[in-house]
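Report on one structure; see the data block that follows.
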Amino acid sequence: MIKSFLIMASLSIFLFSSQQIVLVVANDMNSSSAKLECYEGSNKVFQTMRVNLGKNGLGWGVESQKFQKQPDEALKYEGDKKAPAGIFKLTDIFGYSPKSKYALPYLYADKNLICVDDTDANFYNQIIMANGDEKSFEYMRRKDRQYRLGIVVDYNHKRVKGRGSCIFIHIERAPETPTVGCTSMSEENIQKIANWLDAKKEPVLVQIPKKSAKEVLKLYPQLKNSELLK
C-alpha cells in the first residue's frame, strides 16, 4: 500500500513539474479537431498548430483524475474512436528510419514491431516484437506514411483492461481527417515537435476540452499566457 502511494506520488510530481508541455485544446468533448501549442517553461516554442483527434471526439482517459467530469461525458475505452483526455507522459519517438538523433528514446519500426490491442493479452497496450501468439495488434510499420514518424503517448500505463491502447501522436492521413483515437497533424509539424522533445525535460501531453482550462492553469500556472486556455 505504501509502495503504491509512493509510485502515484512520484508520477504526480513528474507530470506537474514537466519543463516541456504539448498542450492540445478542443472546443468540447465531441470535437474531432483541436489546436496545439508547445511550451518550454512559460515560453511558447512554435506557432499554434491544427491537429486531428478521434472521429468521435474525446473520452476521459485513465490518467484524468485531476479533472472534473460531467455525468454525460464519456470515458475512453478500447475501440471507441475517441482520443484520450487527460495528462500523459511522452516517452518515445518511433519511425521508419533505422537510426535517429532525437533526445527521446527511439523505436525503429521494422516489419516485426507491433502494438498489442488485445485486451486479454499479457502484453496489452505494449509495443513489442511480434512472436506469432498475438490475436489482435497493429503493425508499427504501415503501408502508408502515418507512422513514418510518431510519438508514443504513455496512455493507460497500468494497462487497465479495455480502457484503450496504442495511443500516439502521428502524421495525419489527410488534412482535417479524424483518427481512430490518436492525435495527428502534418508531417512538418510533427517533425518540429519530435526534434524539440527532450527526455531530460520530462515532456507531457495535456489534452483537454476547453471547459477544463482553469483546472490546467492551476496545475501548470506557467501556461497563463496561452491563448488556448483563455
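The values are calculated or read from the model by the stated rules, or taken from the named source; none is laboratory data. Here the structure is a predicted model, which means the values were calculated and not measured. Backbone-built Cβ (ideal geometry, glycine too); neighbour counts: all protein chains shown.
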Checklist entry - Looking only at region 204-225, which residues are in a strand (DSSP E or B) and under 15 Å from SER17 (Cα atoms)? => result VAL204, LEU205, VAL206
Checklist entry - Looking at region 50-100, which of the residues that are aliphatic (A, V, I, L, M) and closer than 25 Å to GLU227 by Cα is surrounded by the most Cβ atoms within 10 Å (Cβ to Cβ)? => result ALA83
Checklist entry - Scanning for something under 25 Å from LYS76 (Cα atoms), surrounded by fewer than 16 Cβ atoms within 10 Å (Cβ to Cβ) and within 14 Å of the chain's Cα centre (by Cα), does region 156-169 turn up at least one residue? => result yes
Item to check | Test for TYR155: is it in contact with a strand residue (DSSP E or B) (Cβ under 8 Å, 6 or more places away or on another chain) and within 23 Å of ILE21 (Cβ to Cβ) | outcome: yes
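Output the residue which, of all residues in region 99-109 that are assigned to a loop (DSSP other than H, G, I, E, B) and modelled with pLDDT of 95 or more, is nearest to GLU78 (Cα to Cα). Show your work before the answer.
Taking region 99-109 first, the residues assigned to a loop (DSSP other than H, G, I, E, B) are 99-102, 104-105, 109.
Subset that is modelled with pLDDT of 95 or more: 102, 104-105, 109.
On the way: TYR102: 30, LEU104: 27, PRO105: 26, ALA109: 23 Å.
Per the stated criteria, the residue is ALA109.
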Item to check | Lone qualifier among ASN112, ASN125 - being farther than 24 Å from LEU217 by Cα and crowded, with 22+ Cβ neighbours inside 10 Å | outcome: ASN125
Next on the checklist: It is to be established whether one or more residues within region 72-83 are at pLDDT 95 or above, closer than 23 Å to GLU172 by Cα and of a type in the set (A, V, I, L, M, F, W, C).
Outcome noted: yes
Checklist entry - Right, GLU63: modelled with pLDDT of 95 or more and assigned to a loop (DSSP other than H, G, I, E, B) or not? => result no
Item to check | From TYR147, TYR220, residue being buried (at least 18 other Cβ atoms within 10 Å of the Cβ), over 15 Å from GLY54 (Cα atoms), of a type in the set (Phe, Trp, Tyr) and in contact with a Lys or Arg (Cβ under 7 Å, 6 or more places away or on another chain) | outcome: TYR147
